2 protein chains.
Amino acid sequence: MCVAKKILFVVLDGAADRPAVDKTTPLQAADIPFLDRLAQEGILGIMDVIAPGTPPGSDTAHLSLLGYTPSEVYTGRGPFEAAGVGIDVRPGDIAFRGNFATVKDGLVVDRRAGRISDTHELSEAIRKQLRLDCEFLFKESAGHRAVLVLRGEDLSPSVTQTDPQHTGAMLHSKPKTNDASSRRTANIVNDFTRQVCSILADHPVNRERTLANQLPANAVLLRGVGSVPQLVPFEQRTGLNAAVIAATALVIGIGKLTGMRYIPTKGATGHVDSNIEEKVKNVNKALREHAFVLLNIKGADEAGHDGNFNAKMHFLTRVDAALSNLTIDESTLVVITADHTTPVSLREHSGDPVPFLIRGKGVRTDQTNAFNEYIAAGGGMNRIRGRDMMPVLMDLLGKGTKFGA
Amino acid sequence: MCVAKKILFVVLDGAADRPAVDKTTPLQAADIPFLDRLAQEGILGIMDVIAPGTPPGSDTAHLSLLGYTPSEVYTGRGPFEAAGVGIDVRPGDIAFRGNFATVKDGLVVDRRAGRISDTHELSEAIRKQLRLDCEFLFKESAGHRAVLVLRGEDLSPSVTQTDPQHTGAMLHSKPKTNDASSRRTANIVNDFTRQVCSILADHPVNRERTLANQLPANAVLLRGVGSVPQLVPFEQRTGLNAAVIAATALVIGIGKLTGMRYIPTKGATGHVDSNIEEKVKNVNKALREHAFVLLNIKGADEAGHDGNFNAKMHFLTRVDAALSNLTIDESTLVVITADHTTPVSLREHSGDPVPFLIRGKGVRTDQTNAFNEYIAAGGGMNRIRGRDMMPVLMDLLGKGTKFGA
């Protein structure tokens, strides 16, 4: 067989960086002999996941990397989070990310309600008592997080959020465009805020928290509003049956909304303590039954957001050790990349290109022998865009879409 | 004079490859001292002729390389083949490529009618006896090939082809869109099929073939339908009077439809046995009278489609020797590239980028000193698209189109 048959697409979330300690990056400083070997056997390049200088969100980045055009399908992160936490969203639904928060006299005192860890009972109360002027679904997620989905006719994602994103006044939602659907949706959102505050105010959980000197979770702030897009299933676009292995709701949600099978992993947390060894075991299993496996490993991004160079470096060293247990040969194309750069110096996403490598049958290879931002910039793939990656991989599988004759 | 004055654009059709024997490509394995010298004196890069991962057709590739936008002007290969075999096609004509074939009881037994070599008499019979519901032109081409052009009002390229492209039932043409023109065109095509079968059935040539135990050419299969585009002449776009030197009808047709002068070459076959020495002599002559010469050398593509590494390598060695007789100096920009990659491992076009070099006055040059896929990936031009090549060359002639003041 002259072409590869399967694809393992590994996203080291936020792994790319800018020069930090001693002008090196965490990828350079980490001990990653397995990735370096893949680099030696494969081809490297750098990639503008969205466009040069544009910091990607994790959502738009993953959509691009999977071959979708975010500008056509993306209106906000809510729909993917909602799908990720298990809500069976439908095209046209309006979805929000939510935070349980502590509000006092209309002012947000803590956006995470003292990092409350279990909002199960509070969410149950909201589900039971809330009455909105449309069908809705509300579900708690990890920690202080939740999602709200509005369903029905005459709804619009063109409304402002209620989360001020820092301490300060809780916001009223306003229509962003002057049409009946947006005005109606803003009204429903504000109604949600009022009713939720009232439902949570005297909830036994909050009374207990106040007695225990913990901040009460007495409001839910909404952000990331988006309309659930109609996405052509990944398998329909590519002919590849696909699975997603990830810890974060967002990536799981993108997998679900593109029709991938979600394979849960015990101990996968999305943090630097995540059970990545178990994830790699699941990848090996998943590749037996799937032609495409998307593996997202989140920890490096978190360390970047925390501004912790050493944590990022050590996590990448641990990732390399875990990935070295992959049981793959040249008939599986392996892609290693990041969805965006999260410099420890910035603590947020930047628009720098990310390094990537492709290893497997048919790849032209190059002279590179290490995987990091600097070496990748001299790789044989030069510089491509995120949206180009899937066509390149499909072509390596011998399934390129020819234009012309 | 500080800028070059002329351009020689050499397309080594399908010359690019993926790593094959011992991880090398035919370009790497071939002995090409002349091209290596041009590489040393010039600048290299890699090029996505259409887009990363998109396998180009030879038609869309040449259009891109000449600065046209295929997505705007290309509907199918037929128009270019028709122009290439000498039909004076007009914008709006509907043109097909055709194959004389052997059909028995409605089943295609051989798509090439036993590789019949001369269809002159059969074609003459079709021209004389065929009556269609619109003006038409039918012309035989090399071997079993032919072209059909339909002319008149209310015709459409939005119809399916009759060539099944493998043995099996001959297809009925169907409208691809539900409009009167497409329905009418499909009817005309099916009428063509019926009448041609009847004209050829008892033709003396076929009676002789059957007696000699050869397959009769008793049908004509159509494919590659397209509407003849209105192309702004190349000279009007660039100010460069241009000539095309090529063996294949397609490239000749693209030259003709863009208003280039076609200079025929004795012994140019489009195969690995082609008289490329004579082509190079013609290039030297053509450059005296033309500011732009497009030279297409086809053999490497054929060897790629045959999966023959050695044939491809030896042909490229021979091409290099022939090109070393070019009488050009730095005032002529030389471009050497391929229109697409045709890996011997795939036997068809792939979407890998192609290497290119530009040598001549004003070029920045780089550190490269050999012409192949690997070295080019490290060249000073980095990675561009096919559509960018003509603007780059025009700019090197001091004729760039400035944007702004």
In terms of the charge dipole of the range A:82-227, which places +1 on Lys and Arg and -1 on Asp and Glu at the beta carbon, the residue among A:Thr210, A:Thr102, A:Pro164 farthest towards the positive end is A:Pro164
Per 0.36 nm of contour for each residue apart, how much would the distance between B:Asp118 and B:Asn310 grow if the chain were fully extended, relative to their Cα-Cα spacing?
66.1 nm
Any idea how far the Cα center of the range B:90-118 sits from the one of the range B:266-319, in Å?
27 Å
Give a residue-ordered list of calculated ³J(HN,Hα) values for the range A:122-129 (Karplus: 6.51 cos²θ - 1.76 cosθ + 1.60, θ = phi - 60°; whole Hz; x for Gly, Pro).
4, 5, 4, 5, 4, 4, 6, 9
Inter-chain shielding of B:331-339 (mean C-beta neighbours from other protein chains, 10 Å cut-off):
0
Of all the C-alpha pairs in the range A:82-227, what % are more than 20 Å from each other?
43 percent
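Output needed for chain B: three equivalent-ellipsoid semi-axes, defined as square roots of 5 times the C-alpha gyration tensor eigenvalues, in descending order, whole Å.
Here the semi-axes work out to 39, 24, 19 Å.
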Calculated FRET value between A:Ala180 and B:Leu211, using beta carbons and R₀ = 51 Å, to 0.05:
0.05
How about the range B:233-306: which trypsin sites (Lys or Arg not before Pro) there lie in a loop by DSSP and see at most 14 other Cβ atoms within 10 Å?
B:Lys266
With label points set 7 Å from each Cα along the Cα-to-Cβ direction at B:Glu72 and A:Thr327, the distance between them in nm comes to 5.5 nm
Kindly put A:Asp388, A:Asp133 in sequence by how many other C-beta atoms sit within 10 Å of each C-beta, fewest to most.
A:Asp133, A:Asp388
Cα convex hull of the protein assembly as shown: how many Å³ per residue?
198 Å³
Computed about the Cα centre, the charge dipole of the range A:82-227 from +1 Lys/Arg and -1 Asp/Glu charges at the Cβ has a magnitude in debye, to the nearest 20, of 300 debye
Would you mind getting me the FRET efficiency between B:Arg364 and B:Asp88? Use the beta-carbon distance for r and R0 = 56 Å, nearest 0.05.
0.85
From the mean inverse distance of alpha carbon pairs (Kirkwood) and the Cα radius of gyration, derive Rg over Rh for the range B:268-373.
0.97
Would you mind working out the magnitude of the charge dipole of chain B relative to its Cα centre, with +1 at each Lys and Arg C-beta and -1 at each Asp and Glu C-beta, to the nearest 20 Debye?
520 debye
Find how much the distance from A:Arg288 to A:Lys23 grows on full extension, using 0.36 nm per residue of separation minus their present alpha carbon separation; answer in nm with one decimal.
91.2 nm
Antiparallel content of DSSP bridges confined to the protein assembly as shown, in %, to 5:
60 percent
So, with +1 on the Cβ of K and R and -1 on the Cβ of D and E, and no other charges, what is the size of the charge dipole of the protein assembly as shown about its Cα centre, to the nearest 20 debye?
860 debye
Computed, not fitted: 222 nm per-residue ellipticity of chain B from DSSP H runs ≥ 4 (each -39500 (n - 2.57)), nearest 500, equal to -9500 deg cm²/dmol
Given axes a ≥ b ≥ c from the Cα gyration tensor, I'd like to know whether the range A:79-131 is rounded (a/c under 1.5), prolate (a/b larger than b/c) or oblate.
prolate
Between chains A and B there is a rotation axis; tell me the chain A residue with the nearest beta carbon and how many whole Å away it sits.
A:Asn382, 3
Nearest 10 degrees, 0 to 90: what angle lies between the long axis of helix A:309-323 and the longest principal axis of chain A (Cα atoms)?
60 degrees
Return the average number of partner chain Cβ atoms within 10 angstrom of each residue Cβ along peptide B:46-53.
6
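Considering only DSSP beta bridges whose two residues both sit in chain A, what percent are antiparallel, to the nearest 5?
That works out to approximately 60 percent antiparallel.
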Could you work out the relative contact order of chain A? I mean the mean sequence separation of Cα pairs under 8 Å and 6+ apart, divided by the number of residues, in percent.
34 percent
Peptide ranges B:336-342, A:247-253 listed from the most packed, as the mean C-beta count within 10 angstrom indicates:
B:336-342, A:247-253
Determine the distance separating the Cα centre of the range B:131-179 from the Cα centre of the range B:1-17; give it in Å without decimals.
36 Å
Residues with amide H under 5 Å from that of A:Gly67, placed H, sequence gap 5 or more
A:Met390
DSSP loop (so not H, G, I, E, B), at most 11 other Cβ within 10 Å: list which GluC sites (Glu not before Pro) in the range B:68-161 pass both filters.
B:Glu153
Have a look at B:Gly386, B:Thr401, B:Thr337 and report the one farthest towards the positive end of the charge dipole of the range B:288-405, computed about the Cα centre with Cβ charges (Lys/Arg +1, Asp/Glu -1).
B:Thr401
Quick one: check the C-alpha center-to-center distance for the range A:243-263 versus the range B:361-405, whole angstrom.
42 Å
Per q in 0.08, 0.14 Å⁻¹, report the Debye log10 I(q)/I(0) for the range A:1-158, using one uniform scatterer on each alpha carbon and no solvent.
-0.40, -0.97
Any idea how far apart B:Arg237 and A:Gln129 come out in nm if each label point goes 7 Å out from Cα toward Cβ?
6.9 nm
Shielding by other protein chains, B:61-67, mean Cβ within 10 Å
1
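Taken together, the values in this text are just the output of simple stated rules run on the coordinates, not laboratory data. Note that the structure is predicted; figures quoted are calculated from it, not measured. Quick reminder, even Gly has a Cβ in these numbers, built from the backbone with ideal geometry, and neighbours come from all protein chains shown.
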